[in-house]
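S.K.: The structure's right below; bear with me while I get my questions together.
The values are calculated or read from the model by the stated rules, or taken from the named source; none is laboratory data. These figures come from a predicted structure and were not determined experimentally. Because the Cβ atoms are built from the backbone with ideal geometry, glycine has one as well, and the counts that use them run over all protein chains shown. When the accessible area is computed, the model is the full protein with side chains, heavy atoms only, and any ligands, DNA or RNA have been set aside. Shrake-Rupley method; radii C 1.70, N 1.55, O 1.52, S 1.80 Å.
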Amino acid sequence: MYKILIAEDDRISQKLAARFVEDMGHIPFVSPHGKHAYEALKAENNFDMLITDIMMPEMDGRQLVQTLRGDSQFMELPIVIMSAVVGVSDISNLLALGATYFLTKPIDKAEFEEVVNRCLR
């Protein structure tokens, strides 16, 4: 059983991602934005992976990925970006910043589970 942090400001996406995580037998924790997620990671540092949206208030997904990858304790943390508003070049830029995988919204349950399982292997 893994602890998965979900940084997402949209309530529907929060609930959906959390339910998928629970259905897989893991424990979801929801953060309303990137700054909150970063503070939760710094405070606990026992999450097994992060799933984050891009467009969020306070600290967006790009800033969150950059901040985490710049911190040695989070170099190995799997980070999955889930977003509806990006093009191919955005995806490659996010992966270059240090994101592990990219999921498009609306989230497909089978694809979500496959990516989560890959990250946790």
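S.K.: Could you tell me whether the chain comes out rounded, prolate or oblate from its Cα gyration tensor? Rule is a ≥ b ≥ c as square roots of the eigenvalues, rounded for a/c under 1.5, then prolate if a/b exceeds b/c, otherwise oblate.
M.R.: Details: a/c = 1.26, a/b = 1.06, b/c = 1.19.
Rounded.
S.K.: Turning to a different aspect of this structure: Mind ranking 10, 23 by accessible surface for me, highest first, 1.4 Å probe?
M.R.: Per-residue accessible area, sorted high to low, gives 23, 10.
S.K.: If you don't mind, there's one more thing I want to ask. If you roll a 1.4 angstrom probe over the protein chains with everything in place, what fraction of the accessible area of the chain belongs to carbon and sulfur, to the nearest %? Show your work: numbers first, answer last.
M.R.: Numbers: 3100 of 6100 Å².
Carbon and sulfur atoms account for 51 percent of the accessible area of the chain.
S.K.: Next up: Could you give the accessible area per residue of the chain, probe 1.4 Å, as a whole number in Å²?
M.R.: Value for the chain: 50 Å² per residue.
S.K.: Per residue of the chain, what 222 nm ellipticity follows from adding -39500 (n - 2.57) for every DSSP H run with n ≥ 4, rounded to the nearest 500?
M.R.: Counting only the DSSP helices, I get -14000 deg cm²/dmol.
S.K.: Does segment 59-117 come out rounded, prolate or oblate, given a ≥ b ≥ c as the square roots of the eigenvalues of its C-alpha gyration tensor, rounded meaning a/c under 1.5 and, failing that, prolate meaning a/b above b/c?
M.R.: oblate
S.K.: Next question. Quick one: which residues, 5 or more positions from residue 82 or on another chain, have an amide H under 5 Å from its amide H? H modelled 1.01 Å from N in the peptide plane, none for Pro or chain starts.
M.R.: Long-range HN contacts for residue 82: 52, 53, 54, 103.
S.K.: Okay, next question. Compute the length gained on full extension between residue 3 and residue 121: take 0.36 nm times their separation in residues and subtract their Cα-Cα distance, giving the result in nm to one decimal. Walk me through the numbers before you get to the answer.
M.R.: Numbers: separation 118, 0.36 × 118 = 42.48 nm, distance 1.38 nm.
Contour length minus the Cα-Cα distance gives 41.1 nm.
S.K.: Here's a follow-up. In the neighborhood of residue 21, defined by Cβ-to-Cβ distances under 10 Å, what is the net charge if each Lys or Arg adds +1 and each Asp or Glu adds -1?
M.R.: Net charge around residue 21: -1.
S.K.: Show me, for segment 66-76, the HN-Hα J-couplings you get by feeding each phi into the Karplus relation (A = 6.51, B = -1.76, C = 1.60, θ = phi - 60°), rounded to Hz, glycine and proline as x.
M.R.: Working through the residues one at a time gives 4, 5, 5, 6, x, 10, 3, 6, 10, 4, 9 Hz.
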